[in-house]
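Here's the structure, in structure tokens; my notes come after.
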Amino acid sequence: MPDVVSFSVLLAFGCLTGVTTVLFGFGGGFLTVPVVFAVTGQMHVAVATSAAVMVVNSLAATLAQARAGRLRRDRVWPLAGFIAVGAALGALTTTRLPEPILHAAFVAYLLITIADCLLRSGFLDRGAGPGGLGPVARTAGGVGIGVVASALGVGGSVLTVPLLRRSGLPMTEATAIANPLSAPVAVVATVVYAVSADGSTGYVDVAAAGLLLAGSLPAIAITRRVTGRIPDRVHAIAYVALLVAVTIAVIVTA
């Protein structure tokens, strides 16, 4: 059970994850993994708890974005199905990896994503793609996203948002669609982690998850009201800036 300081930190970061879930499609993974790791000192617990929190956050944000008319079904399916397949593979692999390797993989993933957003055209300035995803992007790309996302407990938005962005979508739509695409990753990963360790909830820290959700759900309800008012380029820059901040936090907590 978290102490008073940990209680406050988890609740505060829960609020922040609610904001980032709506604005960036994160579902909370990039923020919840570092903070749960800092509280518990166990990377497997951090990843599993992050996945459990993302189940609720991604579904809540999906409902909010659907009501606002920002979801495009042709972008969600069948990509979500292939992501779910990859999520199962990634979660099963993660339970067999040593803690230091998992932590290093998380940092490497962040650094590669930041470099890709900054150095390759089509993210900071809206891509001029054909407006759709090809069969390779939907199948192999979907499975790959699921593997990486569930293995690191991050929901996949940092792979799906740049992909959708470069296909020609504005940040508002790309981040909105990332929410339902994070749901299959979160559900599959949570089930795998829950049965992969001793105890009724496996690696999932129920107390930490509850505190994070207590902060995130009200924040999702409030933040959805301001989505769409942020200029597109500013939205993209803020997305990368948050990734940089999380990378620094992960390295420091190591």
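Restricting ILE251, ILE220 to residues that are modelled with pLDDT under 80 and assigned to a helix (DSSP H, G or I) narrows the list to ILE251. The set of residues from the stretch 41-82 being surrounded by fewer than 17 Cβ atoms within 10 Å (Cβ to Cβ) and within 17 Å of SER6 (Cβ to Cβ) comprises GLY41, GLN42.
Going by what's in this entry, would GLY90 be described as crowded, with 19+ Cβ neighbours inside 10 Å and in contact (Cβ under 8 Å) with a residue 40 or more places away in the chain? Steps first, please.
Numbers: crowded, with 19+ Cβ neighbours inside 10 Å: yes; in contact (Cβ under 8 Å) with a residue 40 or more places away in the chain: yes.
When the stated conditions are applied, GLY90 passes them.
The conditions of being under 19 Å from LEU164 (Cα atoms), at pLDDT 75 or above and touching a helix residue (DSSP H, G or I) at 6+ places or on another chain (Cβ under 6 Å) are met by SER58.
Hey, could you check the stretch 94-123 for residues that are of a type in the set (S, T, N, Q) and touching a helix residue (DSSP H, G or I) at 6+ places or on another chain (Cβ under 6 Å) and say which is nearest to ALA38 (Cα to Cα)?
Taking the stretch 94-123 and keeping what is of a type in the set (S, T, N, Q), we get 94-95, 113, 121.
Of the ones still in play, those that are also touching a helix residue (DSSP H, G or I) at 6+ places or on another chain (Cβ under 6 Å) are 94, 113.
Values: THR94: 19, THR113: 23 Å.
So the residue we want is THR94.
In the stretch 109-153, of all residues being at pLDDT 70 or above and charged (D, E, K, R), the one that is least open to solvent (accessible area, probe 1.4 Å) corresponds to ASP116.
The values are calculated or read from the model by the stated rules, or taken from the named source; none is laboratory data. Because the structure is a prediction, the values reported are computed rather than measured. Don't worry about glycine lacking a Cβ; one is built from the backbone with ideal geometry, like all the others, and counts go over all protein chains shown. Calculation scope for accessible area: heavy atoms of the full protein, side chains included, ligands and nucleic acids excluded. Shrake-Rupley method; radii C 1.70, N 1.55, O 1.52, S 1.80 Å.
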